[in-house]
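Worksheet: one structure, shown below.
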Amino acid sequence: MGLLRSLFEKAQGPDRTSAPGPPAVRTTGGKRATDTYFERLNEPDRLRKAGKTDDALREAMALVELLPAVAKQYVKEYGRFDIRSIPPLDCACTLAAIRQDAAGLARTKSIVEDADELRPWRDLVASAYEDLNIVAEIRSYLEEHPGTLQSKLGKAIGVDGRRTSVWVKHLTDAKQLRREPSAKTYSLFVE
C-alpha cells in the first residue's frame, strides 16, 4: 500500500502539545510539500482539541493548500490517488462552518474542484456549505431564544435532531455555545 497511503488513512502521529501556533506554509510542490504535509498532518486536530479553533482552521487551510501537490506526488510514486480520508480537509470544512468562514470554504472548494485527484471530496465541501448555514441558523436562533432546550432546537430550525446535536457539540467544544443541564437535556446559550 505504501507509506503515503498508510499515513493518509491513519493520520496518527506524536502529540505536540508544547508546539507554538502554526507557522505559515511556504513550500514548493512535490516531495517538499508532501513532507511538510505529513509532518503537520495532526496539528489541526491537536489545536482544535486544545480549544484553539482559529489556529486550527489556519493550519488546516494551510495543509489543504498543499493537497494538489501532495496528490500529484502520490500519483507519481504510486500510480494513482486512491486514499479514503484526508483529515485536514475534513477539519477545514468543519472549522470553516464553526467560524462562519465562507471565504475559506470557497478557497477549499476551488482547490478540490481544480484537482482531479480530489474529486471524491467535492461532496464533502458541498456538505460543508450546508453546515455553514446550519451553524448560522443555530447561532441566530439561540441569540433570539437564549436557553432553548437542545432537544427542541433541531425542530425549531428545521434540521434533523442528530445533525443539530453534532453541531451543538462542535460549537460547544469551540466555546461558541454554552450548555447548562436542564432536566433530561440542556439549555443552550451563545457565548
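The values are calculated or read from the model by the stated rules, or taken from the named source; none is laboratory data. Bear in mind the structure is a predicted one, so any value in this text is a computation, not a measurement. Reconstructed Cβ throughout: ideal geometry from the backbone, glycine too, with neighbour counts over all protein chains shown.
Considering segment 77-117 alone, what residues qualify as being farther than 17 Å from E59 by Cα, free of Cβ contacts under 8 Å to residues at least 40 places away in the same chain and among the basic types (K, R)?
Residue satisfying the conditions is R80 alone.
Let me spell it out: the conditions are (1) over 12 Å from the mean Cα position of the chain (by Cα); (2) over 26 Å from D160 (Cβ atoms); (3) of a type outside the set (K, R); (4) surrounded by fewer than 18 Cβ atoms within 10 Å (Cβ to Cβ), and D54 meets all of them except one. Which number is the exception?
The number of the failed condition is (1).
Look at A174 and say whether it is among the hydrophobic types (A, V, I, L, M, F, W, C), within 18 Å of D45 (Cα to Cα) and at pLDDT below 95.
When the stated conditions are applied, A174 passes them.
Scan segment 156-169 and tell me whether some residue there is closer than 30 Å to L63 by Cβ and in contact with a strand residue (DSSP E or B) (Cβ under 7 Å, 6 or more places away or on another chain).
Yes, segment 156-169 contains a residue that is closer than 30 Å to L63 by Cβ and in contact with a strand residue (DSSP E or B) (Cβ under 7 Å, 6 or more places away or on another chain).
Has segment 94-114 got at least one residue that is touching a strand residue (DSSP E or B) at 6+ places or on another chain (Cβ under 6 Å) and among the polar types (S, T, N, Q)?
no
Within segment 32-51, how many residues are under 13 Å from P68 (Cα atoms) and exposed (fewer than 14 other Cβ atoms within 10 Å of the Cβ)?
Residues meeting the conditions: 1.
Which numbered condition in (1) at pLDDT below 95; (2) of a type outside the set (F, W, Y); (3) touching a Cys at 6+ places or on another chain (Cβ under 8 Å) is the only one that L105 fails?
(1)
Name the single residue that is farthest from D114 (Cα to Cα) among those in segment 40-92 being among the hydroxyl-bearing types (S, T, Y) and in contact with a Phe, Trp or Tyr (Cβ under 9 Å, 6 or more places away or on another chain).
Only one residue tops the list, namely S85.
Among the residues of segment 68-87, which ones are in contact with a helix residue (DSSP H, G or I) (Cβ under 6 Å, 6 or more places away or on another chain) and under 12 Å from T34 (Cα atoms)?
A69, V70, A71, Q73, Y74
Quick check, is P22 in contact with a Leu (Cβ under 9 Å, 6 or more places away or on another chain), at pLDDT 90 or above and either surrounded by 14 or more Cβ atoms within 10 Å (Cβ to Cβ) or β-branched (V, I, T) (or both)?
Against the criterion (in contact with a Leu (Cβ under 9 Å, 6 or more places away or on another chain), at pLDDT 90 or above and either surrounded by 14 or more Cβ atoms within 10 Å (Cβ to Cβ) or β-branched (V, I, T) (or both)), P22 does not qualify.
Residue under question is D90, and the condition is that it be surrounded by 18 or more Cβ atoms within 10 Å (Cβ to Cβ) and under 19 Å from L171 (Cα atoms); does it hold?
No, not satisfied.
Go through (1) free of Cβ contacts under 8 Å to residues at least 40 places away in the same chain; (2) surrounded by fewer than 16 Cβ atoms within 10 Å (Cβ to Cβ) one by one and return the number of the condition F189 breaks.
Of the numbered conditions (1) free of Cβ contacts under 8 Å to residues at least 40 places away in the same chain; (2) surrounded by fewer than 16 Cβ atoms within 10 Å (Cβ to Cβ), the odd one out for F189 is (1).
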